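Step one of this worksheet: look at the structure below.
The values are calculated or read from the model by the stated rules, or taken from the named source; none is laboratory data. Note that the structure is predicted; figures quoted are calculated from it, not measured. Glycine gets a Cβ as well: all are built from the backbone with ideal geometry, and neighbour counts include every protein chain shown. Just so you know, the surface numbers come from the protein's heavy atoms only, side chains and all, with ligands and any DNA or RNA stripped out. Shrake-Rupley method; radii C 1.70, N 1.55, O 1.52, S 1.80 Å.
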Amino acid sequence: VGAETVKLLVQRLLGQQALEGWQMGVTRVFLRSGQLAQLEGIRGARLAKAAIIVQAAIRMHIVRRAFRRKLAAIVVLQAAHRGRMTRRQVGTLRRHVAATRIQSAYRMHQARMILNAHRQLMCAMKLQSWARM
């Protein structure tokens, strides 16, 4: 950065701060009494604003990270709960399927017993019929 650029920058900064009575030397800026304190006050206020912005950004980062961790934990809990409920439903469904199979086997057994009894009756009737002939 050249010397002229620095001079223009200093003039612009001091002009923005509404300071009166300052003078530019070849290598220095001459201020009246109290102006340096005023500039330091402005500098401190800007630094305080910048510190607040940095602190807010850091707090946001910390809170966001905690939120993401909680969200991940919630997702894990939800997945575990859904898995548990699904396993419970599968167990119930398996019991229903087993009960249906048992009922079907029992009905098949009853039908066979009735069929066998009917066959025996028919055989007995045929024997009686042949015996009468």
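Data table
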quantity	calculated
Residue check for LYS70: under 30 Å from ARG12 (Cα atoms), modelled with pLDDT of 95 or more and of a type in the set (Lys, Arg)	no
Subset tally (residues that are open to solvent by less than 90 Å² (accessible area, probe 1.4 Å) and either in a helix (DSSP H, G or I) or not hydrophobic (A, V, I, L, M, F, W, C) (or both)) for region 15-37	7
Flag for GLU40 being surrounded by 10 or more Cβ atoms within 10 Å (Cβ to Cβ) and acidic (Asp, Glu)	yes
Flag for ARG12 being within 54 Å of the chain's Cα centre (by Cα) and exposed (fewer than 11 other Cβ atoms within 10 Å of the Cβ)	yes
